[in-house]
Amino acid sequence: MLDALREDGQPAEDDWPYVPTPPVNDDWSAPPTGGAWFTRKGQALPFDWAAIIDAIHAGRPALILLRLSASFYRPDVEGVVRPKPGEVGDPALGHAVLAVGHGEIDNNPAILVRNSWGLGWGVAGHAWLTQSYVEPRLYGFALLEEDNHVSPHSAAA
């Protein structure tokens, strides 16, 4: 993921908008070559919950790589991902989100994440993930480098 972000970049969402349902293989197309593209250097780090919180406090974009489970697709009306008992992450469903805030959900440490799935996911593109949800599903953590600003707001993505 970091190599792709550094070398290939990502187009602006207006140029290659999120599609809520995956296209049939024959209908998929690569992002357009015109328009604005954004690249970024990053540093992969060993996971440490405190490091995510420190990054948020420092205003550093923290990428969290998760193995998704069913509840991730359906945050509740408060924007909280609440897994059913025994639910586990699917190794075939890797996904990256950006940690933009932290707090507590039902007395459990939690991070607020911004997703790339548009404003219809969670609350305006954001959801809360508890530490107990993140830790068993986490397979990567990285900090984006350089001085480019990454807004925590989906509308700015």
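The values are calculated or read from the model by the stated rules, or taken from the named source; none is laboratory data. Since the structure is predicted, the reported quantities are computational estimates derived from the model, not experimental observations. Virtual Cβ from ideal backbone geometry, glycine too; neighbours counted across all protein chains shown. Heavy atoms of the whole protein, side chains included, go into the accessibility calculation; ligands, DNA and RNA do not. Shrake-Rupley method; radii C 1.70, N 1.55, O 1.52, S 1.80 Å.
Here are some notes:
- Scope the range 83-138; condition touching a helix residue (DSSP H, G or I) at 6+ places or on another chain (Cβ under 7 Å) and closer than 11 Å to Leu65 by Cα; matching residues: Ala99
- The strands (runs of 3 or more DSSP E) located wholly in the range 61-148 that include 1 or more residues which are open to solvent by 50 Å² or more (accessible area, probe 1.4 Å) and of a type in the set (D, E, K, R) occupy 62-67, 94-105.
- Test result for Leu112, at pLDDT 95 or above and within 14 Å of the chain's Cα centre (by Cα): yes
- Every residue from the range 58-73 that is modelled with pLDDT of 90 or more, closer than 17 Å to Leu112 by Cβ and not hydrophobic (A, V, I, L, M, F, W, C): Ser71
- For the range 30-52, the set of residues classified as within 13 Å of Gly101 (Cα to Cα) and either modelled with pLDDT under 85 or under 15 Å from the mean Cα position of the chain (by Cα) (or both) consists of Ile52 only.
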